[in-house]
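Student: My structure is below; once you've seen it, I'll send some questions.
FYI, it's all coordinate maths here, none of it is from the lab. Worth saying up front: this structure is predicted, and the values here are computed from it rather than measured. For neighbour counting, all protein chains shown are included, and Cβ atoms are generated from backbone atoms with ideal geometry for every residue, glycine included.
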Amino acid sequence: MAVTLFCMMNVKYIPTLTIAGSDSSGGAGIQADLKTMSALGCYAMSVLTAVTAQNTQGVLGVQPISEEMVALQLQAVLEDIPPLAMKTGMLFDAAIIETVATALEHVEIPLVVDPVMVATSGDRLLSKEAEEVLKQRLLPLSTLITPNLMEAEVLSGVKIDSQSALYETGQYLLALGTKAVLIKGGHTADTEATDYLFTDKGVTTFSKSRIDTMNTHGTGCTLSAAITAYIARGLSLEKAIERGKEYLSEALNSGKMVTIGKGHGPVDHFFQPQSSIKR
């Protein structure tokens, strides 16, 4: 009996947290985060910031959650089940960003910030007035930020039309206080999807062959959630990014021929699910 009890006490989950908006079609947002983290063997928790009415073709509407309710969700999770790593996605407006930053500013937990501003469909998901609050309050708290090229341009004010402009942007974003910047190149027309990691040690690139598919809804959410999951599992930042890229590539490849919806479908998050119990 004593041996059984000892074994039970050493069985644990690997808790992670996503702070983001929902996607009613299930392909992006908090749904993509929860699927990704669960598939990678984590106990995924969530704080909802907004409800969106969207599908594979676009966003029909957005309704933010009150700052008070966002704060209460954060309090409930952090007090009872502190995550080993967490991420933010769609935060919608300045008030919610401020609420999240206030809750996290004294929390020593790795934080991945996916500065969700524009959906795959082109719909804007972050109000313009919130951009400065994001830069001043949340980015300095982050372990890593993961903007795509368009988001990096908005945050930096630099048009990324050359390698030197890309490096200028990375250094600018790094100077905002984050520990690392991953500028994603998945939206380019190159045959390889190359991401650039900027840290105080220099620049590292991560490349994967581009997958020819329409099913790209939620790829940014999926990558940042995968990186968060791998950090929670104890990997270094560089290794977590490398494994996160591998996971996204496999999920894209597995779901590339699936037909669902009339627009950009989701990736196959559960192509090879892992157990969420750590012994």
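Student: If the Cβ limit is 7 Å and pairs must be 6+ apart or interchain, which residue in region 81-96 that is touching a residue at least 12 places away in the same chain (Cβ under 8 Å) pairs with which residue that is among the charged types (D, E, K, R)?
Tutor: If the second residue must be among the charged types (D, E, K, R), the pairs left are 87/33; 87/114; 88/114; 89/33; 89/114; 94/129; 95/67; 96/67.
Student: Is there any pair linking a residue in region 212-230 that is at positive phi to one that is hydrophobic (A, V, I, L, M, F, W, C), with Cβ under 8 Å and at least six apart or on different chains, and which?
Tutor: 218/28; 218/32; 218/267
Student: Looking at (1) outside any helix (DSSP H, G or I); (2) under 18 Å from residue 141 (Cβ atoms), find the lone condition where residue 46 falls short.
Tutor: Here residue 46 meets the rest and fails (2).
Student: Continuing with this model, one more query. Test of understanding: among 36, 16, 56, which residue is under 17 Å from residue 220 (Cα atoms), among the β-branched types (Val, Ile, Thr), within 16 Å of the chain's Cα centre (by Cα) and buried (at least 19 other Cβ atoms within 10 Å of the Cβ)? Spell out the reasoning first.
Tutor: On the way: 16 fails: under 17 Å from residue 220 (Cα atoms); 56 fails: within 16 Å of the chain's Cα centre (by Cα).
One residue alone meets the criteria, 36.
Student: Can you pull out every residue in region 162-187 that is under 16 Å from residue 115 (Cβ atoms), surrounded by fewer than 22 Cβ atoms within 10 Å (Cβ to Cβ) and hydrophobic (A, V, I, L, M, F, W, C)?
Tutor: 174, 175, 176
Student: If you check 276, 236, 207, which single one turns out to be of a type in the set (Gly, Ala, Ser) and surrounded by 15 or more Cβ atoms within 10 Å (Cβ to Cβ)? Break it down stepwise before answering.
Tutor: On the way: 236 fails: surrounded by 15 or more Cβ atoms within 10 Å (Cβ to Cβ); 207 fails: surrounded by 15 or more Cβ atoms within 10 Å (Cβ to Cβ).
Within the list 276, 236, 207, the selection yields 276.
Student: Please indicate, with yes or no, whether at least one residue in region 78-96 is in contact with a Ser or Thr (Cβ under 6 Å, 6 or more places away or on another chain), part of a loop (DSSP other than H, G, I, E, B) and over 23 Å from residue 136 (Cβ atoms).
Tutor: Yes, region 78-96 has at least one match.
Student: Might you check whether a residue that is among the hydroxyl-bearing types (Ser, Thr, Tyr) and in contact (Cβ under 8 Å) with a residue 40 or more places away in the chain occurs anywhere in region 174-195?
Tutor: So in region 174-195, the residues among the hydroxyl-bearing types (Ser, Thr, Tyr) come out as 178, 188, 191, 194.
Of the ones still in play, those that are also in contact (Cβ under 8 Å) with a residue 40 or more places away in the chain are 178.
Within region 174-195, one or more residues are among the hydroxyl-bearing types (Ser, Thr, Tyr) and in contact (Cβ under 8 Å) with a residue 40 or more places away in the chain.
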